[in-house]
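The values are calculated or read from the model by the stated rules, or taken from the named source; none is laboratory data. All values derive from a computational prediction rather than experimental measurement. Glycine gets a Cβ as well: all are built from the backbone with ideal geometry, and neighbour counts include every protein chain shown. The protein model used for the area step is the full one, side chains on, heavy atoms only, and it has no ligands, DNA or RNA in it. Shrake-Rupley method; radii C 1.70, N 1.55, O 1.52, S 1.80 Å.
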Amino acid sequence: MDGLDISSLLPPSLLLPPRLSAHKYLMVCTLTVAAWDTLVLSPRTWRLYKTQGWPLLKITYQFLRYLMPIEFAIVAVAFFDSSWSLERCQHFYLFEPIVTAFLMAIASLSLAVRMYAIWDKSKIVMFTLGPLLFLQVVVQAICCAFYQVVPLDVGQGCIAGPKHNWVGIYWLAPTIFYTAT
């Protein structure tokens with residue numbers, strides 16, 4: 001056997017560097033878990049929706065339940081649609097980091113409110129988590145300005161990636177917040 005290279009038989013959408021192939025694989029896994037989570041929690045979400053009053057945690061929960069699957073679907077289309085052009089991607093690529101940062105800020109706010117209540121409205125909890133949440137929002141907002149279109153061949157979709165390695169603090173900020181909680 002002379003070592004036939006099967007990559008010449010693959011469509012351009014599947015000829016990605018290993019890092020991006022792993023990225024797409026993880027996106028499929030994430031979409032699967034998100035879809036399952038949405039389906040499983042739908043009856044509970046509906047029951048909560050029908051209860052009296054709209055406290056902050058109910059609002060954040062409902063907001064996250066509906067916006068997260070919408071964002072995932074939109075990003076998945078850009079990620080997997082082989083007809084996305086580079087020009088179209090130039091107008092879209094910041095959607096994912098900005099909306100994801102917004103969703104994480106809402107989820108973190110929800111967690112901060114819950115921790116504040118669990119710790120019997122402790123001022124220490126409020127003055128620890130408040131600045132950490134603010135830091136998370138600021139860091140992620142700054143990092144969003146340093147994303148770029150990942151250069152891909154035609155037919156490989158649209159992916160946003162950091163311009164510099166330090167942009168990884170986009171994920172470090174919420175990690176610190178969640179570790180503190």
- Flagged pairs (Cβ under 6 angstrom, 6 or more apart or on separate chains; first in the stretch 146-168, closer than 22 Å to Ser82 by Cβ; second surrounded by 11 or more Cβ atoms within 10 Å (Cβ to Cβ) and of a type in the set (Lys, Arg)) are Gln148/Lys163
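Table: residues versus (1) under 17 Å from Met104 (Cβ atoms); (2) of a type outside the set (Asp, Glu); (3) out of contact with any Cys (no Cβ under 8 Å at 6 or more places or on another chain); (4) at pLDDT below 90.
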site: Val28; (1), (2), (3), (4): no, yes, yes, yes
site: Thr38; (1), (2), (3), (4): no, yes, yes, yes
site: Arg44; (1), (2), (3), (4): no, yes, yes, yes
site: Thr51; (1), (2), (3), (4): no, yes, yes, no
site: Trp54; (1), (2), (3), (4): no, yes, yes, no
site: Lys58; (1), (2), (3), (4): no, yes, yes, no
site: Phe63; (1), (2), (3), (4): yes, yes, yes, no
site: Ile74; (1), (2), (3), (4): yes, yes, yes, no
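Suppose we keep only residues that are of a type in the set (A, V, I, L, M) and open to solvent by 90 Å² or more (accessible area, probe 1.4 Å) within the stretch 1-29. Which one would you say is farthest from Phe80 (Cα to Cα)? Spell out the reasoning first.
We begin by selecting, within the stretch 1-29, every residue of a type in the set (A, V, I, L, M); these are 1, 4, 6, 9-10, 14-16, 20, 22, 26-28.
The next check asks that each one be open to solvent by 90 Å² or more (accessible area, probe 1.4 Å); those that pass are 1, 4, 6, 9, 14, 26.
Values: Met1: 34, Leu4: 27, Ile6: 21, Leu9: 19, Leu14: 10, Leu26: 13 Å.
So, considering only residues that are of a type in the set (A, V, I, L, M) and open to solvent by 90 Å² or more (accessible area, probe 1.4 Å), the one farthest from Phe80 (Cα to Cα) is Met1.
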- Can you pull out the residues in the stretch 116-129 that are open to solvent by 30 Å² or more (accessible area, probe 1.4 Å), in contact with a helix residue (DSSP H, G or I) (Cβ under 7 Å, 6 or more places away or on another chain) and in a helix (DSSP H, G or I)? Tyr116, Met126, Thr128
- Every residue from the stretch 67-92 that is open to solvent by 30 Å² or more (accessible area, probe 1.4 Å), touching a residue at least 40 places away in the same chain (Cβ under 8 Å) and within 13 Å of the chain's Cα centre (by Cα): Phe72
- Item | Lone unmet requirement of (1) closer than 30 Å to Pro11 by Cβ; (2) in a helix (DSSP H, G or I) for Gln156 | (2)
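Restricting attention to the stretch 162-181, which residues are among the aromatic types (Phe, Trp, Tyr), over 14 Å from the mean Cα position of the chain (by Cα) and open to solvent by less than 70 Å² (accessible area, probe 1.4 Å)? Even if it seems obvious, please write down each step before you answer.
The initial filter retains those residues of the stretch 162-181 that are among the aromatic types (Phe, Trp, Tyr), namely 166, 170-171, 177-178.
With the extra rule that they be over 14 Å from the mean Cα position of the chain (by Cα), the set shrinks to 166, 177-178.
Hit for the stretch 162-181 is Phe177, nothing else.
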- Is it the case that Phe102 is under 17 Å from Thr60 (Cα atoms), crowded, with 16+ Cβ neighbours inside 10 Å and among the aromatic types (Phe, Trp, Tyr)? yes
- Note on the structure: Scanning the stretch 30-54 residue by residue, those surrounded by 13 or more Cβ atoms within 10 Å (Cβ to Cβ), of a type in the set (S, T, N, Q) and without any contact (Cβ under 8 Å) to a residue 40 or more places away in the chain turn out to be Thr38, Thr45
- Message: Go through (1) open to solvent by 40 Å² or more (accessible area, probe 1.4 Å); (2) without any contact (Cβ under 8 Å) to a residue 40 or more places away in the chain; (3) part of a helix (DSSP H, G or I); (4) over 30 Å from Val149 (Cα atoms) for Leu57 and report which single condition fails.
- Response: (2)
